[in-house]
Amino acid sequence: PLLTPAQERELLFTVYESRRTDPLGLGDPQAREALVMANMRWVMRTAGEVRRRERWDEDRERDLVSAGVVGLGRAIDTFDPYRFANRFLTWASQYVDLEISTYANDNKRPVRVPADRALQQREWHQMRERLERRGGGPVPS
């Protein structure tokens, strides 16, 4: 279920305030679960985009969603509702994207390629596709 901005802020304040009394420092588990469930549709969409971009089969999408949920949990842990007035998803997107892209980068090749090189290769591939579409013919490698 989607949350209104007021409901979202209330849950974020509940988690933030209950973190002080929680021995593990995680906060109210019901409020955390409600925040995660409210943002799952976005996490699943992001994981699906990465799966399609990497041309993986649908079985690997569950792993990407799991990585996105880990990122969502990290975002809940680091969000301070007293400092940030923006919506939670604005804050969480960087953590979710980081976790999903890290998982995808670590698991797409038999030989691990550093993240900056993988990003560079993806940019080259996208540029090559754009040039092929524009010019009509293949671009030499």
### Task
Calculate, for Ala85 and Arg45, the FRET efficiency according to 1/(1 + (r/R0)^6) with r their C-beta to C-beta distance and R0 25 Å; round to the nearest 0.05.
0.50
### Message
Quick check for me: using +1 on Lys/Arg Cβ and -1 on Asp/Glu Cβ, what's the dipole size of the chain about its Cα centre, in debye to the nearest 20?
### Response
640
### Heavy-atom accessible surface of the chain: percent carbon and sulfur, 1.4 Å
54
### Query
Got the relative contact order for the chain handy, in percent, Cα pairs under 8 Å and 6 or more residues apart?
19
### Task
Assuming R0 = 30 Å, can you tell me the calculated FRET efficiency for the pair Leu98 and Arg128, based on Cβ-Cβ distance, to the nearest 0.05?
0.70
#### Entry: Most mobile listed residue (Ala31, Ala85, Ala75) in the chain, GNM with C-alpha springs under 10 Å
Ala85
### Query
Packing-wise, with mean Cβ within 10 Å as the measure, how do 1-10, 38-47, 65-74 rank, highest first?
65-74, 38-47, 1-10
### Task
Using log10 I(q)/I(0) by the Debye sum over Cα atoms at q = 0.11, 0.12, 0.13, 0.16 Å⁻¹ as the read-out, say which of (i) -0.53, -0.60, -0.68, -0.88; (ii) -0.59, -0.65, -0.71, -0.89; (iii) -0.48, -0.54, -0.60, -0.82 was calculated from these coordinates.
(i)
## Note on the structure
Note: Thr4 to Arg62 extended length (0.36 nm per residue) minus current alpha-carbon separation gives 18.1 nm
## Note on the structure
Computed over the chain, protein heavy atoms only, probe 1.4 angstrom, the accessible area per residue in square angstrom equals 66
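The values are calculated or read from the model by the stated rules, or taken from the named source; none is laboratory data. Just so you know, these numbers come straight off a predicted model, no measurement behind them. Using ideal geometry, Cβ is built from the backbone for each residue, glycine included, and neighbour counts are taken over all protein chains shown. Please note that ligands, DNA and RNA were not included when accessible areas were found on the heavy atoms of the full protein model with its side chains. Shrake-Rupley method; radii C 1.70, N 1.55, O 1.52, S 1.80 Å.
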